[in-house]
Amino acid sequence: MEIRLSGILLAAALLSGCGWFHRGDKRPQPVVAEEQSTEPSIVEPQVNRREVKTPKIKAKDFELGGYFGALSIQDFGVNPVYGVRAAYHVSEDIFLEGFLARSKAGTTSLEDVFPEITVVSNSGRQFTYYDLDVGYNVLPGEIFLGRGRAFNSALYVTFGMGDVHFADKDQFALNFGAGERLLITDWLAMHLDVRDHVFETDLTGRTKNVHNIEAILGLTAFY
Amino acid sequence: MRPLLASLLLLQAFSVGVVHAKQQLLEVVVAEPYLEMHSGPGRGYPVVYVVGRDEVVQVLYSRTEWYKVRAPRGQEGWVRRAELALTKLANGDPAPIPPYPEFATHRWEIGAGYGVFNHQNLVTTWGDFGLTDSLDVELVLQQALGNIDNRYIASVGMRHTFIPEWRWFSPTAGIGTGYQYIDNKVPPAPLQTHNELAYVSLGARGFITRRFMWRADWRKYVIFTNQNQNEEPEEWKFGLAVFF
């Protein structure tokens, strides 16, 4: 009796031991339609079990690109400007945008008439700015080219602030403007912007706000 | 090799095609009576195509709250997030259209704004990581533009949001340390151009829309100098941020 009991106990211990070793690997039980024990159903379910991996949807909310144009530096003539811009589209209406650009100022009328006078040194003529803006798509729409082509577009306004480095000094500058974004494809956009950079300066003798208006043409890609 | 190929072919034949083999595009089944496709990612763009119930559309990518999709016969158009979220996967599960992050529990945040630092105009940018819903680590880079000097200030600190579940207005308080660099504009030159600093801050934050929020902050700095007295300027600022 005792021998039999210990035999049973041993077997139980062994079995539980085996069970212990198999605890780690959770082998999935094959899913088999259960045998019809009570009533046979009319339709045999044929379920094709498989692992479903859902790919992620790529968000293309970032816009990155470059631009060039003409910047009218007050008192210093109209000069070429080129820069880079990056935007993040928060909603279909609102976007945040950053600009970084440079230009080189020409000469003032005073310097043209009296060549011996220098208002700003040569290195000081570098005009560099950065801007952080909020934009709003005021008039989204479509632009038609002939009968068969339509391009998505938006007329937007931007407002922001930044730093203008001019005459070897950094000035706080506000900027505001409006632009048109034309999507050549869904990921490539053309921009036409007119923006004004306003800052205070005393370069020409008295302290005043100067307006530096630029008209720029840009190309951006959505990521 | 051959049985492997055969089984692969079999697998291909049996799978209804949740995953496109080459482009890895999400495919969803229209579960509502129809799905409207617009010509552009905006509320005003006209509906150019309608996909019927049980038809499969491929989701190409998203822009803000709109998704570009491709219909079974190749037509492409934009579908609103709320409508695409009503579609299903081939196995009947709801389509995995990620919801917007919850404002109260968001983790990442980047923002920019305007402020005044010691009577100087201030341009500020920040990045923020939430350790918990109410405790953040903030990294702030800012430029103060004045008539006399131009300061660059970098600071890192901890911020506590008192009631994060208050959506529209929730007070905050913070403490941190940083570094400033003074770029002098007019003589005399400052005795020190590089300083360490510390600050305490009080502020507030609030939700605007989707993943957009505002933040206002007041800071009191102690700028450590090698003179008898430390500088103690104040700063306030207001900015807009995007959270993820």
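Kindly evaluate B:E138 against the criterion of being more than 16 Å from A:G162 (Cβ to Cβ), touching a helix residue (DSSP H, G or I) at 6+ places or on another chain (Cβ under 8 Å) and not basic (K, R). Considered against the rule, which asks whether it is more than 16 Å from A:G162 (Cβ to Cβ), touching a helix residue (DSSP H, G or I) at 6+ places or on another chain (Cβ under 8 Å) and not basic (K, R), B:E138 comes out as no. If you filter the range B:185-202 down to residues that are loosely packed, with under 13 Cβ neighbours inside 10 Å and part of a strand (DSSP E or B), you find that the one that is nearest to the chain's Cα centre (by Cα) is B:E196. If you go through the range B:154-184 and keep only what is within 14 Å of chain A (Cβ to nearest Cβ) and surrounded by 16 or more Cβ atoms within 10 Å (Cβ to Cβ), you end up with just B:I182. Taken together, the criteria place A:R147 among residues that are under 30 Å from B:L60 (Cβ atoms), more than 13 Å from chain B (Cβ to nearest Cβ), without any contact (Cβ under 8 Å) to a residue 24 or more places away in the chain and not hydrophobic (A, V, I, L, M, F, W, C).
In the range A:14-127, counting only strands (runs of 3 or more DSSP E) that sit wholly within it, the ones holding 3 or more residues that are at pLDDT 75 or above and aromatic (F, W, Y) span A:62-72. When B:R53, B:R70 are checked against the criterion of being farther than 14 Å from A:I57 by Cβ and either out of contact with any Lys or Arg (no Cβ under 7 Å at 6 or more places or on another chain) or in the same structural domain as B:F212 (by TED's automatic domain parsing) (or both), a single residue qualifies: B:R53.
For the range A:179-210, give me each residue that is buried (at least 18 other Cβ atoms within 10 Å of the Cβ), away from chain B (no Cβ under 14 Å) and among the aliphatic types (A, V, I, L, M). Correct list: A:V210 only. Note on the range B:182-211: residues that are of a type in the set (S, T, Y), more than 21 Å from B:G111 (Cα to Cα) and modelled with pLDDT of 95 or more total 0. Return the residues of the range B:44-55 that are in contact (Cβ under 8 Å) with a residue 24 or more places away in the chain, within 10 Å of chain A (Cβ to nearest Cβ) and either among the basic types (K, R) or in a loop (DSSP other than H, G, I, E, B) (or both); say none if nothing qualifies. B:Y45, the sole residue that qualifies. The residue that is surrounded by the most Cβ atoms within 10 Å (Cβ to Cβ), counting only those in the range B:93-124 that are in contact (Cβ under 8 Å) with a residue 24 or more places away in the chain, among the β-branched types (V, I, T) and within 11 Å of chain A (Cβ to nearest Cβ), is B:T124. Taking the range B:56-72 as the range and being out of contact with any Phe, Trp or Tyr (no Cβ under 9 Å at 6 or more places or on another chain) and more than 13 Å from chain A (Cβ to nearest Cβ) as the test, the residues that pass are B:V56, B:P72. Of the conditions (1) of a type in the set (A, V, I, L, M, F, W, C); (2) facing chain A (nearest Cβ under 10 Å); (3) buried (at least 18 other Cβ atoms within 10 Å of the Cβ), B:A90 clears all except one; give me its number. Only one criterion in (1) of a type in the set (A, V, I, L, M, F, W, C); (2) facing chain A (nearest Cβ under 10 Å); (3) buried (at least 18 other Cβ atoms within 10 Å of the Cβ) is unmet by B:A90, namely (3). Do the conditions hold for B:R167, that is, is it over 27 Å from A:F199 (Cβ atoms), at pLDDT 95 or above, basic (K, R) and within 20 Å of the chain's Cα centre (by Cα)? The answer is no for B:R167.
Can you tell me which residue within the range A:86-129, out of those that are of a type in the set (D, E) and away from chain B (no Cβ under 14 Å), is surrounded by the most Cβ atoms within 10 Å (Cβ to Cβ)? The qualifying residue surrounded by the most Cβ atoms within 10 Å (Cβ to Cβ) is A:E111. Is it the case that some residue within the range A:171-181 is over 13 Å from A:D133 (Cα atoms), within 18 Å of the chain's Cα centre (by Cα) and outside any strand (DSSP E or B)? No, the conditions are met nowhere in the range A:171-181. Consider the range A:157-168 and keep the residues that are buried (at least 17 other Cβ atoms within 10 Å of the Cβ) and within 12 Å of another protein chain (Cβ to nearest Cβ). The one that is nearest to A:T204 (Cα to Cα) is A:A167. Would you say A:F222 is within 24 Å of B:Y114 (Cβ to Cβ) and not acidic (D, E)? Taking the combined requirement at face value, the residue does not satisfy it.
The values are calculated or read from the model by the stated rules, or taken from the named source; none is laboratory data. Keep in mind it's a predicted model, so treat the numbers as computed, not measured. Backbone-built Cβ (ideal geometry, glycine too); neighbour counts: all protein chains shown.
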